[in-house]
Each structure stands twice: as C-alpha cells, then as structure tokens.
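The block underneath contains the structure these notes are about, expressed in structure tokens.
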Amino acid sequence: MSKVIAIDGTFASGKGTLAKRLATYFGYAYLDTGKLYRAVGARALEAKANFDDTKTLAKLATIIKPKELDNPVLKSGAVGAAASKVAVHAEVRAALYNFQRNFAAHPGKGFMGAVLDGRDIGTIICPDADVKLYIDAKPEVRAERRYKELLSYGEDITLANVAADLKERDHRDQNRTEAPLKPAVNAHLLDTTNLSIDAAFERAKALAETILSQK
Ligand code: C5P
C-alpha cells in the first residue's frame, strides 16, 4: 500500500518547502494542493468572475488541467488572495477532491507514496494519512518570509501590505465553513518560528521516519 504524508499549515509557514524535501527524501510524489486553488483563482481573475458566484467558480474548477499547475503566474500574491476566495466554496472544493484523492492513492510509477500539502489534507482529503504534520509560525515571521519571496519574483509590494494580506488570509482560511484550516486531531505540530528550514526538515524527517517505521 502506498504511504501518505499529509502536511497542513498556515500561509508561509514553510510547509511547502518541507513537503517537497520530505517527498524527495522518502522517494514519494509531491502535490502542492494550493496550486489547484491558485489555478482556479487565476482563471477567475482572468474571466473577471464574481467571487460570490459559486456556480461559475465551480465550473472553472472542473476544467483545471494538471499542466496549468506549473504556470509561474500562480505564485503571485494576487492569485494567492484569489485562491483563498474561491476556496471558501464547497462546490469548488468538491470539484478538486477526486484529483487529490487519486494522487494520494496512485502517486505514479516508481513512487512509494505521496506527500500532499495544503489546508485540509489531514482533516478531509486524507484523514487516514500515515503521517500528519501541522506547520505554523508567528505571523510576523511568516509575513517577512513571504515578503522576501514576493520580492524575489519582482513584485512591487511592502512588508505592511504582505502582513495585512496574511492576516486576512489566515482569518478567511480558519473561519470558513467548508474545510477550515485546523490541525487534524492526530497531527504533529511543528512551529518553525525559530527554526531554519534545515532544522525544521530534520525534525519533520525524524518524526515521519519514526511513525513510518512503526507501520
Ligand atoms: O498554500 P497556498 O498559499 O498556495 O494556498 C492558496 C489558498 O488556497 C489558501 O489560502 C487556501 O485558501 C486555499 N487552499 C485550500 N485548501 C488546500 C490548499 C489551499 O483551501 N488544500
């Protein structure tokens, strides 16, 4: 049976980098599920769709193609904000559900398992995951990290804007009715506020190795 590592956490907590490194280390396939919501958000912006128009947004979610997920436009702050707005709709989430489930169950030839990162992986998408991690860090540290990342993409932004966006995003993700961001009951919490990415990876790896060796 293919193994699953589920990684959830807040915006800019470092979960994506950790997830990617864990996937490489264990020889598992990796899916950044945020990209699915970002792809729908990008399409919604392009179509000038109303973010309250559930039906149109859900329709956009059904036509997302895997190759769209590599579009660098998905990394922008504007698309990230749009992703969090489309993600509140149950119908959008439902349209993306099977893709994520299939990825977890059938990660592809040569892969021993899958690592998925997002907001609801341990709670909704893969409630039976072998390993569940919940990654967080203090908001000011996350804002600083995201600010540097967006600067590296050439975005014209201020730290204050990024901090305000982060606050809004945390609030929307944690308080929505559908699949709100929260640690799964059996998730292991990792606070990366004072950890380098290498130190965070070592902790996550040790934890995952211990759990997987007991399976
Ligand atoms: O992780 P990332 O910042 O790329 O995610 C963008 C947005 O997509 C999040 O703020 C969240 O609203 C939504 N999302 C979600 N469920 C996931 C992954 C992302 O609701 N599994």
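Please treat every number below as a calculation from the coordinates, not as lab data. Just so it is clear, the structure is predicted and the values come from calculations on it, not from any experiment. Positions of Cβ are backbone-derived with ideal geometry, glycine not excepted, and every protein chain shown enters the neighbour counts.
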> Tally Lys and Arg at +1 and Asp and Glu at -1 over the other residues with C-beta under 9 Å from the C-beta of Gly122: what net charge comes out?
Replying inline: -1
> Once you charge only the Cβ atoms, +1 for Lys and Arg and -1 for Asp and Glu, what is the size of the charge dipole of the chain about its Cα centre, to the nearest 20 debye?
Replying inline: 440 debye
> How much length is gained on full extension from Glu168 to Glu91, taking 0.36 nm per residue of separation minus their Cα-Cα distance?
Replying inline: 25.5 nm
> If you add up the charges near Glu91, with Lys and Arg at +1 and Asp and Glu at -1, over every other residue whose beta carbon is less than 10 angstrom from its beta carbon, what do you get?
Replying inline: +2
>> Restricting to DSSP H runs of at least four residues, report the calculated mean residue ellipticity at 222 nm for the chain, -39500 (n - 2.57) per run over all residues, nearest 500 deg cm²/dmol.
In response: -16000 deg cm²/dmol
>> Quick check: residue separation of Thr24 and Leu212 times 0.36 nm, minus the Cα distance between them. What number comes out in nm?
In response: 66.1 nm
> Between Arg101 and Arg203, what is the label-to-label distance in nm when each label sits 7 Å out along the Cα-to-Cβ direction?
Replying inline: 3.4 nm
> Going highest first, how would you order 201-214, 89-102 by mean Cβ packing within 10 Å?
Replying inline: 89-102, 201-214
